[in-house]
1. If you average the C-alpha positions of segment 78-125 and of segment 347-396 separately, how far apart do those two centres end up, in angstrom?
2. Dividing the convex hull volume of the alpha carbon atoms of segment 1-145 by its residue count, what do you get in Å³ per residue?
3. Which ³J(HN,Hα) values, rounded to whole Hz and listed in residue order, are derived for segment 351-365 from phi using the Karplus coefficients 6.51, -1.76 and 1.60 in 6.51 cos²θ - 1.76 cosθ + 1.60 with θ = phi - 60°, glycine and proline given as x?
4. Need one number for segment 100-156: average projected area of the convex hull over its C-alpha atoms, nm².
5. Taking the highest mean first, how do the peptides 39-50, 291-302 order by number of other beta carbon atoms within 10 angstrom per residue?
6. Can you give the convex hull volume of the alpha carbon atoms of segment 68-115 per residue, in Å³?
7. Work out the length of the dipole vector of segment 388-464 about its Cα centre, built from +1 on the beta-carbon of each Lys and Arg and -1 on the beta-carbon of each Asp and Glu, and round it to the nearest 20 debye.
8. If you wrap a convex hull around the Cα atoms of segment 253-327, how much volume per residue is inside, in Å³?
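The values are calculated or read from the model by the stated rules, or taken from the named source; none is laboratory data. For clarity, every value in this text was computed on a predicted model and none was experimentally measured. Virtual Cβ from ideal backbone geometry, glycine too; neighbours counted across all protein chains shown. Note: areas computed on protein heavy atoms with side chains; ligands, DNA, RNA excluded. Shrake-Rupley method; radii C 1.70, N 1.55, O 1.52, S 1.80 Å.
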Amino acid sequence: MKLLITDTTIVTCDAERRVLERGAIAIAGDRIEAVGETDALRKTRPDYEVMSGRGLAVLPGFINAHTHTILTSLRGTVEDWSGDIIYRYMSPVSYTMSDSERATMAALGCLEAIRSGTTTLVDPFRHVATYAGTMADTGLRLWLSESCADIDTRKIRFNDYTVDEAFGQTFLDRTEALVEGWHGARGGRVNCQIAAHAPDNCSPAMLAKLKDLTARTDLTRTCHLAQSPGEIAAIRKHYDLTPAAYLDREGFLGPDLACAHWTFCTKADVELLAERGVQMAHCPASSSRRGLHKAPLGWIRDAGVNIAIGTDNMSEDMFQAMAIGSIVHRTGRGREAEGGISPNGQEVLDMITVNAAKSVGAGAEIGAIRPGMKADLTIIDLNAPAMRPIIRLVSNIVHYGHPGLTHSVIVDGEFVMRDRKVLTIDEPALLAEAQAVTQRVWERMIAANPDIAPEPGVLRWLDA
């Protein structure tokens, strides 16, 4: 595609964090070719398709640094229920689904992501190869991984932490197949990572195997970390360590690793993680749905950790993640003695652009608008009540932005959404199918796992 977006506001997220008014962006193929004044770029590119950007703002495509798209199947349930949800619901639902059902729910997550201005998803989970193709067909940029464990995550809710080597080998085999089949696919738009599910379900032997696999593939890595009291208790019981210290003992920490959550990290944990260069995939909205996120963000930011933002589960709304993230971060560190409130709007926006790109080792390719970068762009409508008046645009976007502002989304130089129409998904059909799939899955999951059944009448299916 040869496209010239003219007369627009460009939020570059470049080294100077420039916001350019009445600017233009030239796209050739899958790259940003030029950024500059509209008249100058028009004169040198008379054969380019022209898209007027008047009344619009163009941003680097939003990068969701940690999500699980198929957990849209839990939306509107566990957010209001007490007790553990990771092993009580998230594990059972993923095993209950068929391959086609996983693909449907993953597609729903991708649809919501596109409508929320997202161009990249980082999605570690289970059975990923069964829906990788469906996700790739949506046109999004992807980093996918099979979340490996050799302690059966279906048994942990019964306090069974027995190491199952055969169970673990299944995940390692899936990882190898996923990497072989999908890393670098679709012209490099789809890539893979190596993933340990979490410290409490990975034995030292599993972590060693994942380290070996990383050395052979040279991929970046991801892992959940200190995400629940149960994880903290299990690691303390079995190793007399914190999760961070356990991973460090096994030589698993490093700058190629992005860990999600850090919810129950101690100050010593933070210092250790920062020293090892570990990056944080922070999921403020998800982790705050049952109470404000407890991650020690003041210590984390003071330690100089690279922080990216993700949505985690039940939602792909990056606008919500930014808004709640700014609140959580300010609660975690408090008001600055000098220089105003921290983090400011641009620093939060960096967490879904520049920082998030770094978290997957792609800082030279995505996350900013400058010549030579991939043409991954989010275009939002400024002629909306939530965006007016405009005094400091980035602050408006971070604090008051919402998916309804998303006008168009470009990934790898191609529109996946244009003029508010998603081009890669049959949206009405998918919405109907996702509703039907979710009801079927819940009914089967509860029948197979009666101990997790909610009170009668709690689940009420809307026939719409």
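1. 25 Å
2. Numbers: hull volume 21.1 nm³, N = 145.
For segment 1-145, the hull spanned by Cα atoms encloses 145 Å³ per residue.
3. Values, residue by residue: 5, 10, 10, 4, 5, 5, 4, 4, 5, 10, x, 10, x, 8, 10 Hz.
4. On the way: hull surface 17.3 nm².
So the Cα hull casts an average projection of 4.3 nm².
5. Details: 39-50: 13.2, 291-302: 18.7.
Result, highest mean first: 291-302, 39-50.
6. On the way: hull volume 3.2 nm³, N = 48.
Taking only Cα atoms, segment 68-115 has a hull volume of 67 Å³ per residue.
7. Details: 8 positive and 10 negative charges, 90 e Å.
Charge dipole, segment 388-464, about its Cα centre: 440 debye, nearest 20.
8. Numbers: hull volume 6.2 nm³, N = 75.
It comes to 83 Å³ per residue, whole-number rounded.
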